[in-house]
Structure formats: C-alpha cells, structure tokens
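Down below is the structure, laid out as structure tokens.
Values quoted throughout were computed directly from the atomic coordinates according to the rules given, and no laboratory measurement underlies them. Keep in mind that this is a model prediction, so the values were computed, not measured. Using ideal geometry, Cβ is built from the backbone for each residue, glycine included, and neighbour counts are taken over all protein chains shown.
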Amino acid sequence: QLQASGGGLVQAGGSLKLSCARTGSTFSGYAVNWYRQAPGEPRELVASISTGDSTHYAVSVKGRFTIARDNAKNTVYLQMNSLKPEDTATYYCAAIAPWESDYSWGQGTQVTVSS
C-alpha cells in the first residue's frame, strides 16, 4: 500500500517535498512514478525512477523537480523547487515491479502554488 504525503500551499518560487511511503513491504525492485492531475486536465507523468535508479522528468519540471528513493525507509521522494502556479495539482505516486501487471497507487496529495 502506498501513502503519499507532503502536499500543501506554497507561494510561487517556493519548495515542497512529497513522500511516497510503501507500507508493509520494500520499494526495492520497484519502479515508481509521480503523476499529477489538475481539475479538467489529463493526468500527467511528472517524474519516474526505475528499478536501477534511472530518472526521467517531464519537460515542464526538468531542472526543478528531483525524484529519489530511500530503500531503507521504503520511501520515494519528489523534491519540488521553484514552484509555479501551473504546478498546482493533485500529485499521485504509483509503483510497479517487473513481476506485477498493474501499478499500485497512492491516494494523492494536493499541491497548491499561489502567485
């Protein structure tokens, strides 16, 4: 089970650090994605980290967001810097292992960036 947290209200230019914690099991061997969805907009893949810790970012967040994992804490983080109002959305984490057919999803955490 995944638990996303760390969202909140921040002014433009500020930072937030989201956490995606896996309860009851390890994140080792899992690829993890962070998505976001704003009202009326399609879901967008923001960042991903592979089982080998390769990372990928959407063009809109590259250079501002960093995804990282801490296997000892069973947590994947999304550090978000230089936030913009257009980053406002509900952020979700999802994880999948090579032996699984479906992603497991967290419940979402709201990020609101004021101008």
Practice item. Specify the residue with the greatest mean-square fluctuation among GLN37, GLN79, GLN11, computed from a Gaussian network of the chain linking alpha-carbon atoms under 10 Å apart. Key: GLN11
Check your understanding: Straight-line reach from LYS62: which lysines have a Cα under 17 Å away, not including same-chain ones fewer than 8 places off?
Key -> LYS17, LYS84
Practice item. Hand me the trypsin sites (Lys or Arg not before Pro) from region 22-115 located in a DSSP loop with no more than 16 other Cβ atoms within 10 Å, in residue order please. Key: ARG43, LYS62, ARG64
Check your understanding: Using alpha-carbon pairs under 8 Å, 6+ residues apart, how would you state the relative contact order of the chain in percent?
Key -> 37
Point to revise | Assigned charges on the beta-carbon of Lys, Arg, Asp, Glu; the chain dipole about Cα centre (debye) | key: 240
